[in-house]
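Nothing in this text is a laboratory measurement; each read-out follows from the coordinates by a stated rule. Please read all numbers here as calculations on a predicted model, not as lab measurements.
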Amino acid sequence: MAVAYYIPDQATLLRRASLQEQQILRARHQAFWRFMLTLIIDLLHQYVQYERQNMGRCRLPRILN
């Protein structure tokens, strides 16, 4: 009994690997920018809280900070 196996050619394998690599790089890029936006939003949130806590207190002028 003969069994036939499908072996894709090299061009198909390279095309598939290239597509997978592009998907991985795209996901990594999106994750990086999502992380950066999270950091920026968190930093702004902390800054707003700090400003609210120190409202009305005497502070050094911004030039000296």
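Phi angles of the stretch 37-54 translate, via the Karplus equation with coefficients 6.51, -1.76, 1.60 and θ = phi - 60°, into HN-Hα couplings of 5, 4, 4, 5, 5, 5, 4, 5, 4, 5, 5, 5, 4, 4, 5, 5, 5, 9 Hz per residue; Gly and Pro are given as x. Gain on full extension, evaluated as 0.36 nm per residue between Arg28 and Asp42 minus their Cα-Cα distance, stands at 2.9 nm.
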